[in-house]
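The values are calculated or read from the model by the stated rules, or taken from the named source; none is laboratory data. Every value quoted in this text rests on a predicted model; they were computed, and no experiment measured them. In this analysis, Cβ positions are derived from the backbone assuming ideal geometry, glycine residues included, and neighbour counts consider all displayed protein chains. When the accessible area is computed, the model is the full protein with side chains, heavy atoms only, and any ligands, DNA or RNA have been set aside. Shrake-Rupley method; radii C 1.70, N 1.55, O 1.52, S 1.80 Å.
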Amino acid sequence: MRADDWVRARSAGVNPTQLAILRLLDGRGPGWTVKELSLQLGVSQPTVTDSILALERKALIEKQADPADGRAVRIVIISAGRAVVRAGEETAGAVDRAASALDDDDQEQLLVQLVSVIRQLQEQGAIPIQRMCVSCRYFRPYAHADAAQPHHCNFVDAAFGQQDLRIDCRDHETADPSVRAATWGAFQKDHHPPGE
Ligand code: SF4
């Protein structure tokens, strides 16, 4: 996956940390502070600061005063930065190709197991809680009787299937801990492995 990150970033004209910052900023209107970016990425603030300077030189982001705090600066992506994110997304990686060689049931199982492992790491505090449906305040697991599309996203107000569970959604907003626990409980309770 790290090798894929390098290929995607190189094809988009940045390095993996810079691409990760742009992806975090993409779709987040108010932007992030350096401290917030550092927490989200799990890297040091000096590393983020260096990357921000490079992205600013490439005219992919801009700094704006925080309307809520005159001394704070927020980093905001601009249209050229969004184009870089899209360019990175268009490059299919080796991991994508390997996963797509699995049959549909195995892909679904792999996705659910991946979600479960990432969630454990997030709830333990090993990595930040971000970008997955199961921790999102818009996620309603098994809200529908339709086995093909049992889940509901309140952000786009649409049903979706297990195979479309997101692990990297830019529209994600973290639910409160009690809501996350209840959501995970409902997701686990009604989840039946493919083929059952
Ligand atoms: S906003 Fe994104 S992460 Fe949240 S439920 Fe909808 S698709 Fe999932």
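In nm, to one decimal, how far is the modelled label at VAL43 from the one at THR174, with both set 7 Å along Cα→Cβ?
Each label point is offset 7 Å from its Cα along the Cβ direction, giving 2.0 nm.
Could you compute the FRET efficiency for LEU121 and ALA98, with r as their C-beta to C-beta distance and R0 at 35 Å, rounded to 0.05?
Approximately 0.95, to the nearest 0.05.
Please report the carbon-and-sulfur percent of the accessible area for the range 2-89; probe 1.4 Å, protein heavy atoms only, DNA, RNA and ligands left out.
Answer for the range 2-89 is 54 percent, counting heavy atoms of protein chains only.
How would TRP32, TRP6 rank on accessible area, largest to smallest, probe 1.4 Å?
TRP6, TRP32
For labels at ASP69 and GLN163 in the simple 7 Å Cα→Cβ model, what's the distance in nm?
About 4.5 nm separates the two model spin labels.
Please state the relative contact order of the range 26-183 as a whole percent: Cα pairs under 8 Å, 6+ residues apart?
Once divided by the residue count of the range 26-183, the mean separation gives 19 percent.
Could you tell me what percent of the accessible area of the range 102-190 is made up of carbon and sulfur, with a 1.4 Å probe and every protein chain present?
That fraction is 50 percent.
Going out from 0 in 10 Å bins, what whole percent of all Cα-Cα distances in the chain drops into each bin?
Reading the bins upward from 0: 8, 30, 34, 22, 5, 0.
Once fully extended, how much extra length lies between VAL7 and SER79, figured as 0.36 nm per residue of separation less the alpha-carbon to alpha-carbon distance?
Result: 23.7 nm gained on full extension.
Given R₀ = 25 Å, FRET efficiency for ALA147-GLU89 by Cβ-Cβ distance, to 0.05?
0.25
Tell me the per residue accessible area of the range 99-145 using a 1.4 Å probe; a whole number in Å² is fine. Don't jump to the answer; show the numbers that get you there.
On the way: 2660 Å² over 47 residues.
Accessible area per residue: 57 Å².
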